[in-house]
Amino acid sequence: MIYLDNAATTYPKPPAVIEAVRRHVAEYGGNPGRGAHRLSLRAAEAVYACRESLSALLGLHAPEGIVFTENTTYALNMLLKGFLKESDHVLISELEHNAVYRPLWRLGESRGVTFSVFPVVGKSIPQLLQGIEDRIGPRTVAVITTHASNICSVTLPLREIGALCRRRGLRFFVDAAQSAGRLPIDMRAMGIDALAAPGHKSLLGIQGCGFLALSPTLQLDTLLEGGSGVHSRLPTMPVELPERLEAGTLPVPAIAALAAGVSFLRELGQAEIERREKALFLATKERLSALPDVVIHQPEEAGAVLLFHRKGEDATAVAAALDRAGIAVRAGLHCAPLAHKALGTPEEGAVRVSFGPFNTLSDADALWQALKA
């Protein structure tokens, strides 16, 4: 199988990631913070080591600001439902995933929260920023945006948006599901108050673990209550992070894998990963552009994701045919109907090709040959 679905989850995983899971289960499978015995303490050390690695990678103030969750969607729900109050207004980009769009819709029903959508596709940075400025109102409290689209290689200028938010007294929240690990992020320098990301995508961990990275100035209400391992006599969750937002047992094998993934990325280098993925994008674009029935969306934006459709053919049928040829891609709306509308794809969506650090030029050739056939 030629795997070109890395935007869903990266595959294969580095050997060190697999070994980290094995070691935890076999050698220190205790419950962190739930005992004074050595297995519990070793598990706690592994969890804290991952917090430190992520904090350093993202330019976060302190490891305690890393809150582990099940996935990015959980982290975004925790953020939005823990921060937004009655009748608040927020701004989101036109490329947002349903992990942002649906919680806001639900908050509109339950709390009267409203949102406006600012344009991104085809806009220069000054135009994009002006689009945000034009939509700020008296009840606007935050800007929420993806860093990198999950259906094309468009990225948003976080540093400039963060600076705008600081000038206007707004919070800045980032969905880094497609960027954490492959694009440089410095939360303090970019003015980011909160960032949600998965462990299993570009950070090369396994499924079952994501995180929310929080600025020390941001206080959230709890989404879930339960055991935290500290202040157990209290009927409420503790005030301090990360325990305030981490109720119940953590997915320690996935956290250990995430730490190993971050170490692998540091050895390989984010700049090298970005260079490889852009090179594969450009090579694939060149090959697919030679096919008369293929339409590439946002071909001028080179990165890890290439979106296309074939004229007159259903995207799902194209993906199924590629699967029979031994090539894994993803078709449809990719849980991002707002983004597909912005790009003007067919009603049923399009075919997404997404590269990872282990893809090669021969994978691009195989995709081209299969589409030709």
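Just tell me which lysines come within less than 21 Å, Cα to Cα, of Lys13; anything on the same chain fewer than 8 places away is out. By straight Cα distance, Lys13 reaches Lys201, Lys278. Taking every DSSP helix (H) stretch of at least 4 residues in the chain, weighting each as -39,500 (n - 2.57) and dividing the sum by the residue count yields a mean residue ellipticity at 222 nm of -13000 deg cm²/dmol. Exposure check, 1.4 Å probe, all protein chains in place: His231 carries approximately 100 Å² of accessible surface. Ligands, DNA and RNA left out, the accessible area of the chain computed with a 1.4 Å probe is 53% carbon and sulfur.
Proximity of backbone amide H atoms, modeled 1.01 Å from N, is registered between Ile2 and Ile327, Ala328 at under 5 Å, excluding neighbours fewer than 5 places apart on the same chain. Taking all protein chains together and a 1.4 Å probe, the residues Asp293, Asp221 rank Asp221, Asp293 from largest to smallest accessible area. The Rg/Rh ratio of region 34-95, with Rg taken over Cα atoms and Rh as the Kirkwood radius over Cα pairs, comes to 1.12. With each label modelled as a point 7 angstrom along the Cα→C-beta vector, the Asp293-Glu86 pair spans 5.8 nm. In terms of its C-alpha gyration tensor, region 1-48 has a prolate overall shape, because the principal axis ratio a/c (a ≥ b ≥ c, square roots of the eigenvalues) is not below 1.5 and a/b outweighs b/c. Diffusion coefficient of region 198-248 by Stokes-Einstein, Kirkwood radius over Cα pairs, 10 °C, 1.306 mPa s: 127 µm²/s. Bridges between two residues of the chain, per DSSP, are antiparallel at a rate of about 50%. Among Pro216, Pro251, Pro126, the residue with the largest mean-square fluctuation in a Gaussian network model of the chain, with springs joining Cα atoms closer than 10 Å, is Pro126. Based on the Cβ-Cβ distance of Glu52 and Ala16, what FRET efficiency does E = 1/(1 + (r/R0)^6) give at R0 = 22 Å, to the nearest 0.05? Efficiency for this residue pair is about 0.80. Residues in region 48-194 average 36 Å² of solvent-accessible surface per residue, probe 1.4 Å, ligands and nucleic acids excluded. Spin-label model, Ala189 to Arg106: label points 7 Å out along the Cα-to-beta-carbon direction sit 3.6 nm apart. Using only alpha carbon positions, build the gyration tensor of region 88-143, then give the equivalent ellipsoid semi-axes as the square roots of 5 times its eigenvalues, largest first, whole angstrom. Over the Cα atoms of region 88-143, the ellipsoid semi-axes are 21, 14, 6 Å. In whole angstrom, note down how far apart the Cα centers of region 24-49 and region 302-361 are. Cα centroid to Cα centroid, the span is 41 Å.
Applying 1/(1 + (r/R0)^6) with r as the Cβ-Cβ distance of Asn31 and Arg275 and R0 = 45 angstrom yields a FRET efficiency of 0.65. First check a/c for region 170-228, with a ≥ b ≥ c the square roots of the eigenvalues of its C-alpha gyration tensor; if it is under 1.5, answer rounded, and if not, answer prolate when a/b is larger than b/c or oblate otherwise. Oblate, because a/c is 1.5 or more while a/b does not exceed b/c. Here the convex hull built on the C-alpha positions of the chain has a volume of 132 cubic angstrom per residue. For region 212-303, a crude dipole built from +1 on the beta carbon of Lys and Arg and -1 on the beta carbon of Asp and Glu, taken about the Cα centre, is about 180 debye to the nearest 20.
Distance between the 7 Å Cα→Cβ label points at Arg139 and Ser232: 4.4 nm. If you model region 177-267 as an ellipsoid using its alpha carbon gyration tensor, with each semi-axis the square root of five times an eigenvalue, the axes come out at 26, 18, 10 Å, biggest first. Rounded to the nearest 20 debye, the dipole magnitude of the chain is 300 debye, with +1 charges on Lys and Arg beta carbons, -1 on Asp and Glu beta carbons, and the Cα centre as origin. When you work out D = kT/(6 pi eta Rh) for region 1-136 at 4 °C and 1.567 mPa s, using the Kirkwood radius from C-alpha pairs as Rh and the Stokes-Einstein form, the result is 69 µm²/s. Expressed as a fraction of 2.2 N^0.38 Å, the value expected for a compact globular protein of N residues, the C-alpha radius of gyration of region 248-373 is 1.20. The order of the peptides 153-159, 11-17 by mean Cβ neighbours within 10 Å, most packed first, is 153-159, 11-17. Solvent exposure of Ser93, expressed as accessible area, is near 0 Å², computed with a probe of 1.4 Å over the protein chains only. Build a GNM of the chain with springs between Cα atoms under 10 Å apart, and of Ala46, Ala257, Ala271 the one that fluctuates most is Ala271.
Normalised per residue, the accessible area of region 229-373 is 46 Å², obtained with a 1.4 Å probe and no contribution from ligands, DNA or RNA.
Ligands, DNA and RNA excluded, the heavy atoms of His200 present near 30 Å² of accessible surface to a 1.4 Å solvent probe. Strictly greater than 15 Å: what percent of every Cα pair in region 102-177 meets that? Percent of Cα pairs beyond 15 Å in region 102-177: 58. Cross-link reach is defined here as a Cα-Cα straight distance under 16 Å, omitting same-chain residues fewer than 8 places apart; for Lys341 the aspartates and glutamates meeting it are Glu94, Glu96.
The values are calculated or read from the model by the stated rules, or taken from the named source; none is laboratory data. Being a predicted model, the structure only gives us computed values, none of them experimental. All Cβ positions, glycine included, derive from the backbone under ideal geometry; neighbour counts span all protein chains shown. The protein model used for the area step is the full one, side chains on, heavy atoms only, and it has no ligands, DNA or RNA in it. Shrake-Rupley method; radii C 1.70, N 1.55, O 1.52, S 1.80 Å.
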